[in-house]
Every structure is written in C-alpha cells, then in structure tokens.
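Since every read-out is calculated from the coordinates, none of them should be taken as a lab result. Note that the structure is a prediction, hence the values are computed from the model and not measured. In this analysis, Cβ positions are derived from the backbone assuming ideal geometry, glycine residues included, and neighbour counts consider all displayed protein chains.
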Amino acid sequence: MEVIAGALRATLPYFVYLLCLGLVCQLRQTHRRWLAGAQLRGIRDERERIARVLHDTYLQSVESLTLRLHACVRRMPSDSAERRDLTHLLDLTASVMREGRQQLQDLRAGPGAAGLAQALAERARLFHRDGPVRVSVLSSGTPAGLRPPVICEVYNIASEAIANAIRHAQADSVAVRLDWHGGALALSVTDDGVGIAAALLEQAGLADSGDKWGLTGMRERAALIGCRLTIRRRAEGGTAVRLLVPAP
Ligand SMILES: Nc1ncnc2c1ncn2[C@@H]1O[C@H](COP(=O)(O)OP(=O)(O)OP(=O)(O)O)[C@@H](O)[C@H]1O
Ligand SMILES: [Mg+2]
C-alpha cells in the first residue's frame, strides 16, 4: 500500500505538469482563434466603411455624370455620328456602374458559401467581357462550413487569380474548380497559357515587387485565413493556383 502511495506521490508532480501543459496549449489555441476572429471582424468593419465611402462618393459621382451625359445626348440630332459614339460610351459607363455596384456588394456581405461559384462566374464575365478566353467554373460537393469572412478572402484570392489568367496568360481557357469536402474547400484556378515566370514566383511577397500587388495580396489573404496557397507553372503549360481551406 505504502509502495503505491509513494509511487503516486512521486508521479503526481508529472501529472500536474502535464495537466498544466495541456491547459496552456488549450489557452494558446483559444487565444490564437480569438485573435484571428478579432482580425477578421476588424477587416469586416473596414470593408463596410470602404463600401459606404465608395457608394457615397465615387458611385454617386459616376451616376450623376452619366445622367448629365444622357441629357446632352438627348439634345443631339438623332442621326448624328457623335450621338452614336456617345451612346456607345454611355453603354460602357453602365457596365462600369454595374462593376462598381458588384464590388460594393462584395465588400458589404460577400457571397456566401453556396453563392461562391456563381459570384466567381459573374466576376470572370466582368473581367473578360467579350474577350477570347473561355472561363469555366465548376463546383463539387456541398458548400458549407466556412465563415463568411473566410469566404470573402477566398473569393478575393480566386478573383485575382482569374484576372491574372485573363490578363497575362494568353490562355485559351481558364478553369476554376471548387471542391467542397467535410467543411473544407480546395480551390484551383488553372490556365493553359504561357505560364507564370519562375522569377516572379520567387519575387512574390517581396517589398520590391514594383507596382504589382496581386500575388502579394493573394499570399497575404491566404496567410490571414490560415490557408495554404501554391502558385506554380504546370508541366503541361500554363499556371495553376491552388488554395486549401481547412474545415473550421
Ligand atoms: N496566370 C498567369 N500567367 C502568366 N503570368 C502571370 C499569371 N499570373 C500572374 N502572372 C505574372 O505575374 C505578374 C505579377 O502578377 P500580379 O497579380 O502580382 O501583378 P499584376 O497583375 O501585373 O498587377 P496588379 O497589381 O494589378 O495585380 C504579372 O504581371 C504577370 O507577369
Ligand atoms: Mg494581378
């Protein structure tokens, strides 16, 4: 009996030590989660502020400019070439307004998990307008589990990858895939273009990336939501961007 009691006394400090260690790990994990949550809440507040400013200044100004232009056009002779040109320009202004309003919508609420694929398809349409690149967006699995601020960052990362593929890759096609599985999401944006220069991949994230901020922003957003982002040249040609978002 005494032997057992002695053994217990001897091992008790180790038990207490392990218990404390477990508690400290748990506390650190909770603290990290709280910090990430606070950071995301801060981002959401700032996004809403930008959305308000964008609506009250830029969009209102473009809207009133458009109205005044419409009034000018109406005063022009109906068969004049100038009227035709200005009417065409006004059509473009309307699409700029649509784009602005879409941005505003994205800044405010962002698409939910279920609307992510459709929001990306619409974004792609805005980017390439009537360009020659084919963009496909495919989603598989059940979209669920991720918090709205995380979805917002995924959307922004994917948008930049799509914009880059359309602008820089000289690709015939761009494929966007969203694979949902058990609350996690794997996003990929691949193109069959010229392939991103290896030197650019090494430079990305460095302070001296000139006035190119897309790749840097993608990496920063991925780090913020604790996701793995890989950008690589594909062996079969083109570029592949992949983001793995773990289940919360
Ligand atoms: N899919 C791609 N295919 C080929 N080149 C690419 C691709 N994506 C990016 N690049 C190259 O990487 C460079 C950096 O991209 P990044 O998005 O950082 O800047 P950017 O698109 O030039 O400007 P912005 O700041 O408006 O995003 C691009 O200028 C382009 O040369
Ligand atoms: Mg870019």
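Results, tabulated for the structure shown:
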quantity	calculated
Value of relative contact order over the chain, rounded to a whole percent, pairs C-alpha under 8 Å and six or more apart	15
Cα-based radius of gyration of the chain once divided by 2.2 N^0.38 Å, which approximates compact folds	1.43
Of all DSSP beta bridges in the chain, antiparallel share, percent nearest 5	75
Simple spin-label estimate for LEU89 and CYS20 in nanometres, 7 Å along Cα-Cβ	7.5
Highest to lowest packing among 154-165, 216-227, scored as the average C-beta count within 10 Å	154-165, 216-227
For region 1-109, convex hull of alpha carbons as volume per residue, Å³	100
222 nm mean residue ellipticity, helices alone, for the chain (DSSP H n ≥ 4; -39,500 (n - 2.57); rounded to 500)	-20500 deg cm²/dmol
Of all DSSP beta bridges in region 112-248, antiparallel share, percent nearest 5	75
Isotropically averaged projected area of region 112-248, using the convex hull of Cα atoms (one quarter of hull area), nm²	7.9
Cβ-Cβ FRET estimate between ALA144 and LEU200, R0 fixed at 51 Å, reported to 0.05	0.90
Distance between region 100-155 and region 15-56 - C-alpha centres, whole angstrom	25
